[in-house]
Amino acid sequence: MQHARRTGIQCMPQEILLMICTFLPLLDLVSLSQVCRVFWLLLKDEHLWKVLYRTTKIVRPPGPLIANHPADCLRRILISSATVEQNWPPTGKPEFKKISTVPLIDPPEYCHLLAGRWLIAANSSVGYYYDLLDKPKPQPILFYRPHLMAVFFRCVTATNIHGDSLTFLITETQLGKAVRRVNINKVSASEVGPFVEPLMHYDLPQNYPGIADVVIGSRLMILKPKTNY
């Protein structure tokens, strides 16, 4: 009489064990490695920590994975982040409530909420802002009027290297088919309201397809064209 071959975790292929590791919560995996020699040895595998770093949804340092990070370094980063996340107070589901009704005087093509208080609404000819703290109903106040028609209007916010929050208004203006210009303005806010400070402008070549989007960082602003040209 032959006995069925006994199988256990020690007999599993390493690929299966790695798959199991990716399904376990990170801190549970660390605890498991303290009572199981198989997982203790497995957690010394640098490939496992690289996979976990790429796939685990936890707080982590910004930027891509550095290829030459040793396993111990990735382990410390992941365990530290998972511990912070576990100890962070739980938050409930966000609640949305109506705080104000804004009577927009012109149909806006673009809206931006500045500093959680001022709603900027603009179209190709004019931009207004509405103070959401103004009761009973916010009134439109002139924010920006392009000297030509604005075919692109966008507010972007970034944090500079000193930790200061900066907001910029970028417009692309056009008169007919001959004059096209990019305007970059700084937006500042006070208790009175937001105001625009022109920083620079430059004319666009005739073959430029137009601005599609704006990407901004702490040092660099990129104007993305609609198509390559």
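Every number in this text was worked out from the coordinates using simple rules, so none of it is lab data. Predicted model only: the values in this text are computed from it and were never measured. Please note: Cβ atoms are built from the backbone with ideal geometry, for glycine as well, and neighbour counts cover all protein chains shown.
Residue 160 passes every criterion in (1) buried (at least 18 other Cβ atoms within 10 Å of the Cβ); (2) within 24 Å of the chain's Cα centre (by Cα) apart from (1). Consider residue 218 carefully, then state whether it is hydroxyl-bearing (Ser, Thr, Tyr) and closer than 20 Å to residue 113 by Cα. Considered against the rule, which asks whether it is hydroxyl-bearing (Ser, Thr, Tyr) and closer than 20 Å to residue 113 by Cα, residue 218 comes out as no. The residue of region 101-121 that is surrounded by the fewest Cβ atoms within 10 Å (Cβ to Cβ), among those that are touching a Pro at 6+ places or on another chain (Cβ under 6 Å) and under 14 Å from residue 155 (Cα atoms), is 114.
If you go through region 74-100 and keep only what is within 23 Å of the chain's Cα centre (by Cα) and surrounded by 12 or more Cβ atoms within 10 Å (Cβ to Cβ), you end up with 77, 78, 80, 81, 82, 85. Determine whether residue 182 is under 27 Å from residue 210 (Cβ atoms) and either of a type in the set (Lys, Arg) or in contact with a Lys or Arg (Cβ under 6 Å, 6 or more places away or on another chain) (or both). So residue 182 fails the test. Every listed requirement among (1) surrounded by 13 or more Cβ atoms within 10 Å (Cβ to Cβ); (2) in contact with a Phe, Trp or Tyr (Cβ under 7 Å, 6 or more places away or on another chain) is met by residue 166 save one, (2). Here residue 80 meets the list (1) of a type outside the set (Phe, Trp, Tyr); (2) in contact with a Ser or Thr (Cβ under 6 Å, 6 or more places away or on another chain); (3) farther than 30 Å from residue 214 by Cα almost entirely, failing just condition (2).
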